[in-house]
Amino acid sequence: MEVTCSTIGFTRKPLPNALQDIADLGFRYVDLLMMENWAHLNPSQVVDNPEEHADYVQRLLKQNNLTATAINGNVSQAMNSTSFADIENNLRQAEGLIRFANALSIPVVVFQPGSSSSIEVFEKEISASIETLSEITSIADRYGVQIAIEAHINSLAERYQDALFFIESVPKLQIAYDPSHFVMGEYDLLESESLLPYTAHVHLRDAVAGNFQVPMGEGILDFEWIISALKRNNYTGAIAIEYIDHHDWDIVPDIPVSYTHLRAHETSLHLVCRLLVEK
């Protein structure tokens, strides 16, 4: 399991500066944020020539001795939209991200499944999201790229049973596991292990009930249990340190994260990761 740093901590900086800062912190692996109207590359910009944009990013990665492990992406419209125009646009942008990932040998692209507007239409909205994601995973399969959805707070996949319903309904779909959202929503963390057999990517940060992001060490997330559970489920993907740079505190100068039994063939491995996040 490689420890990576997400560019989500540096959204106020252009991508070249964000990557340089991450490399300066000692990371050699990075997750790329590619969410429309946020950072660092809009899918709508990439879609017309994904390979050209990939060449540009590859040069930046090489300059900083970094390897990209995942894309934290999203498309312009909600994944559960039933508008024909929205669906066509989302599929086009998703294919652009998939081609971009393929050109950079990035194994995983993460999407948000969409949010429910009301309990009354929940089933209709989850069905719409599943239909679009089914098409996206079919596209991704042609390029050898894994698609994962994040079981995000306030999303259609917030509850464990709903996230698993997505997995059961969409062939080859996987989970981007972020336990900070479970802590925020006051779900039983132990029950989240049901998602781990289907996990293709992991986001980590400390959290408390009601807040998915607090300074490391001030939250209640059980990192030792998480790493042990990942190992029990034979997880071999990347673990991304994902602190967002637009929350209430200015700086997180020191994030010590201890991992034990991180590799299947070692009795223990202790990694200390430092991440400086600018607001």
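Set side by side, the residues Leu91, Leu97, Leu164 differ, and just one is more than 16 Å from the chain's Cα centre (by Cα), of a type in the set (A, V, I, L, M, F, W, C) and closer than 24 Å to Leu204 by Cβ, which is Leu164. When Ile98, Ile106, Ile149, Ile126 are checked against the criterion of being closer than 19 Å to Ser6 by Cα, surrounded by 16 or more Cβ atoms within 10 Å (Cβ to Cβ), in contact (Cβ under 8 Å) with a residue 24 or more places away in the chain and in contact with a Leu (Cβ under 7 Å, 6 or more places away or on another chain), Ile149 stands alone in meeting it.
Taken over segment 25-41, the criterion of being open to solvent by less than 10 Å² (accessible area, probe 1.4 Å) and free of Cβ contacts under 8 Å to residues at least 60 places away in the same chain is satisfied by Val30, Leu33, Ala39. I want to confirm something. Restricting to segment 217-243 and keeping residues that are of a type in the set (Gly, Ala, Ser) and part of a helix (DSSP H, G or I), which single residue is farthest from the chain's Cα centre (by Cα)? Among residues in segment 217-243 that are of a type in the set (Gly, Ala, Ser) and part of a helix (DSSP H, G or I), the one farthest from the chain's Cα centre (by Cα) is Ser228. Of the numbered conditions (1) open to solvent by 70 Å² or more (accessible area, probe 1.4 Å); (2) of a type outside the set (Val, Ile, Thr); (3) under 21 Å from Gly114 (Cα atoms), Asn72 satisfies every one except a single condition; which is it? For Asn72, the exception is condition (1).
Condition check ((1) touching a strand residue (DSSP E or B) at 6+ places or on another chain (Cβ under 9 Å); (2) among the hydroxyl-bearing types (Ser, Thr, Tyr); (3) closer than 23 Å to Asp31 by Cα; (4) modelled with pLDDT of 90 or more) across all residues:
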| residue | (1), (2), (3), (4) |
| --- | --- |
| Phe182 | no, no, yes, yes |
| Ala207 | no, no, yes, yes |
| Asn211 | no, no, yes, yes |
| Leu221 | yes, no, yes, yes |
| Ser228 | no, yes, yes, no |
| Arg232 | no, no, no, yes |
| Val252 | yes, no, yes, no |
| Leu269 | no, no, yes, no |
| Cys273 | yes, no, yes, no |
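Determine whether Val47 is hydrophobic (A, V, I, L, M, F, W, C), out of contact with any strand residue (DSSP E or B) (no Cβ under 8 Å at 6 or more places or on another chain) and within 28 Å of Glu125 (Cβ to Cβ).
yes
For Asp178, state whether it is surrounded by 22 or more Cβ atoms within 10 Å (Cβ to Cβ) and either touching a Leu at 6+ places or on another chain (Cβ under 8 Å) or on the phi > 0 side of the Ramachandran plot (or both). So Asp178 fits the description; yes. Close contacts from segment 206-231, counting a first residue that is closer than 18 Å to Tyr243 by Cβ and open to solvent by less than 30 Å² (accessible area, probe 1.4 Å) and a second that is assigned to a helix (DSSP H, G or I) and modelled with pLDDT under 90, with Cβ to Cβ under 9 Å and a gap of 6+ residues or different chains, come to Asp206/Phe223. Number of residues in segment 109-122 that are over 16 Å from Asp86 (Cα atoms), in contact with a strand residue (DSSP E or B) (Cβ under 8 Å, 6 or more places away or on another chain) and assigned to a loop (DSSP other than H, G, I, E, B): the value is 0.
Restricting attention to segment 100-118, the residues that are of a type in the set (S, T, N, Q) and either at pLDDT 95 or above or within 17 Å of the chain's Cα centre (by Cα) (or both) total 4.
Has segment 60-80 got at least one residue that is modelled with pLDDT of 95 or more, on the phi > 0 side of the Ramachandran plot and not small (Gly, Ala, Ser)? Checked segment 60-80: at least one residue is modelled with pLDDT of 95 or more, on the phi > 0 side of the Ramachandran plot and not small (Gly, Ala, Ser).
The values are calculated or read from the model by the stated rules, or taken from the named source; none is laboratory data. Note that this is a predicted model, so its numbers are computed, not measured. Every residue, glycine as well, gets a Cβ built from its backbone with ideal geometry; the counts of neighbours run over all protein chains shown. Ligands, DNA and RNA are excluded from the accessible area calculation, which covers all protein heavy atoms including side chains. Shrake-Rupley method; radii C 1.70, N 1.55, O 1.52, S 1.80 Å.
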